[in-house]
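The values are calculated or read from the model by the stated rules, or taken from the named source; none is laboratory data. Values in this document were obtained by computation on a predicted structure and should not be read as measured data. Every residue, glycine among them, receives a Cβ derived from its backbone with ideal geometry; neighbour counts consider all protein chains shown. Please note that ligands, DNA and RNA were not included when accessible areas were found on the heavy atoms of the full protein model with its side chains. Shrake-Rupley method; radii C 1.70, N 1.55, O 1.52, S 1.80 Å.
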Amino acid sequence: MSGQKAYIKVYTRQADRTCYPEGLAYSVHMAISQDGKNFYPLNKNYGILFPEAQIRPDNTICPKGAAKPGILLLSENEYGIIAVRVEENGEKDETAEGKVLLWKTRDFISFEDAGLISESELDGQRASDLAQLDGKMLMRAQEYWNPVHNTGIVVPECVSVHTTQELEAIKAKALYSDGSSVWKRVVWETGKIDFSMPGIYEVEGKVADKSYPFPLAEGYGDPVIFHWDKKWYYISTNDNTDDIGLYVREADTVRELFGENVTEHLILARDEKRSLVQTFWAPEFHVIGGELYLLFAVSGQVWGPQCHLMRLKKGRSIINPESWEEPVRVRRKDGRWLAEDGITLDMTCLKTSRSAYLVWSYRRNIGTKLDTGSMLYIAAVDENEPWKLASEPVLLSRPLFGWENLMGTINNEGPYTFVKDGMVYLTYSGGSANGYTYALGLLCAREEDDLLDISVWDKRCAPVLSFYSVEGEYGPGHNSFFEDEDGDLMIAYHGETGVDRHLRCDGIRRVHFRQDATPDFGMSAGEDLDKRLAGVRMKVEVK
């Protein structure tokens, strides 16, 4: 394709509520062809461009869709993708009469949303659903939107070592289809080497398989894996107890957290006197100001979860309920509750070199005609008093894209962050928390910026993890991140095992970083490591 012309086609799909509902189908999809006849869909045939919903005067959300997309040339190096804005179900949108949606792009990888424009602004240009463009550019787009996979494993031809430990430290470099690479641990067969006898030996090894089975744990949502004081801990929303109580597992390794006979320790039980009655949701461990806190939501006798936190007493064990101080409900800067009305939940802590922040989900009038949908808010926090905001809350994100508000789910929830190479990555979830359409969105900002300034954040239009990402995993979402024993960034999440299943199950996989340094959350185990390439050998000089 490089150096030649190639074809790109834009289209929408037929809606099917059983496997691809309207909020997904009425978005812009793309496919690429070398000959103009055989087209290969980008993003596994999942939507790429989603129009934003309208916010009504009563602060509710009116979802929108896209129809009849086309491509046109805006300037020498810039292209436009236009579409007719329609209602969520594909019917005519009277409020968009005489206007079209416009996205601008130079590479068909990143897009600028120009919103609704008048058709007269197109200066008479006619868009087509098929365009013949530079093949090299389209090849790059195809590489970006298609899955990255392992293409090779490289080890040194010969190494010099003195001990078994030095040999075990030799890693393999895994190569990937987009030009990226990552170092992987190797299990070397050291039994044939006599480290007391200098000489040249040939040793075989196998690249360590870090994959975890899915489902990993059944009946659990919102998983968090945490390392503290030489032990590993697992905590989650426990659907097996009707989301009542907070239970923690403790082990020496991550895998042991999911062993057959692992013990669950109840560290916060139902207690009507303390208004700890129901919806013990989304617990997260965070070190704030050098002390360990557990952030979570809980309801009293009247349903309505609110964000709380509790602190671990110094030098005490996580798994002992007596080790924790009394739970405290989060307050605003002026001392009022975080929310006087509505519900608050899914609070997480974000720390940068500049400041510390809390991010959470807020929703009003849930289940009524005035339901606002759940929204993400952010505020600064003093690490010495993390139960009290240090700034006013700022609206960070609302579920305006079709994949976020499918069939009335209207969710932005479950935020979690990591910082890498000066960039802040904030994942969140949209759609139904226990349905197959649940998906992961991404917000990015530079670490040096004031994160209370919403203009510094970039929100991806399409989800970065969905039921199209990894075969056999449906509704992946509400995730957390942790670094494992090898120092690799891992993502823990929940999902279901089928389109019609609603039992939340946990999964874990490695987060890959592409050649352009962007994270890839949907690399399957087979794409991460081709087992046919896992066997390696090299010469070892024993000194």
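The figures follow:
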| item | result |
| --- | --- |
| Per residue value of the accessible surface for the chain (all protein chains in place, 1.4 Å probe), Å² | 44 |
| Above-threshold pairs, the threshold being 29 Å between Cα atoms, out of 388/420; 5/420; 5/68; 184/543 | 5/420 |
| About the Cα centre, charge dipole magnitude for the chain (Lys/Arg +1, Asp/Glu -1 at Cβ), debye | 220 |
| Nearest-10 value in Å² for the accessible area of residue 337, using the 1.4 Å probe | 80 |
| Pairwise FRET efficiency - residue 40 versus residue 18, Cβ, R0 = 25 Å, nearest 0.05 | 0.50 |
| Chain lengthening between residue 525 and residue 120 when straightened (0.36 nm per residue, less Cα-Cα) | 140.8 nm |
| Net charge dipole size for the stretch 217-360 [Lys, Arg +1 and Asp, Glu -1 on Cβ; Debye, nearest 20] | 820 |
| Highest average packing first - 438-447, 94-103, Cβ atoms within 10 Å | 438-447, 94-103 |
| Relative contact order (%) - the stretch 22-69, alpha-carbon pairs under 8 angstrom, separation at least six | 38 |
| Student exercise, the stretch 346-440 dipole from Lys, Arg, Asp, Glu Cβ charges, in Debye to nearest 20 | 160 |
| For the stretch 260-353: relative contact order, % (alpha-carbon pairs under 8 angstrom, 6 or more apart) | 25 |
| Accessible area of the chain belonging to carbon and sulfur atoms, whole % at 1.4 Å probe | 46 |
| Inter-label distance, nm, simple model (7 Å from Cα along the C-beta direction), residue 543/residue 502 | 6.5 |
| Rg/Rh (Cα only; Kirkwood hydrodynamic radius) as it applies to the stretch 210-255 | 0.98 |
| Separation of the residue 384 and residue 515 label points, Cα + 7 Å toward Cβ, nm | 5.0 |
| Sum of side-chain charges, residue 324 neighbourhood, beta-carbon under 11 Å (Lys, Arg +1; Asp, Glu -1) | 0 |
| Span from the the stretch 241-285 Cα centroid across to the the stretch 88-124 one, whole angstrom | 48 |
| Extension reserve of the residue 272-residue 78 stretch, reckoned as 0.36 nm per residue once the Cα distance is removed | 63.7 nm |
| In range of the label at residue 112: residues from the stretch 419-452 whose backbone nitrogen is under 20 Å from the point 7 Å along Cα→Cβ | 444-446 |
| For the chain: relative contact order, % (alpha-carbon pairs under 8 angstrom, 6 or more apart) | 14 |
| Euclidean distance of C-alpha centroids, the stretch 154-225 and the stretch 485-530, integer Å | 20 |
| Simple spin-label estimate for residue 197 and residue 449 in nanometres, 7 Å along Cα-Cβ | 6.3 |
| Hull volume in cubic angstrom per residue (convex hull over the Cα atoms of the chain) | 178 |
| The stretch 54-60 - phi-based ³J(HN,Hα) in whole Hz, Karplus 6.51/-1.76/1.60, Gly and Pro as x | 8, 9, 6, x, 8, 6, 9 |
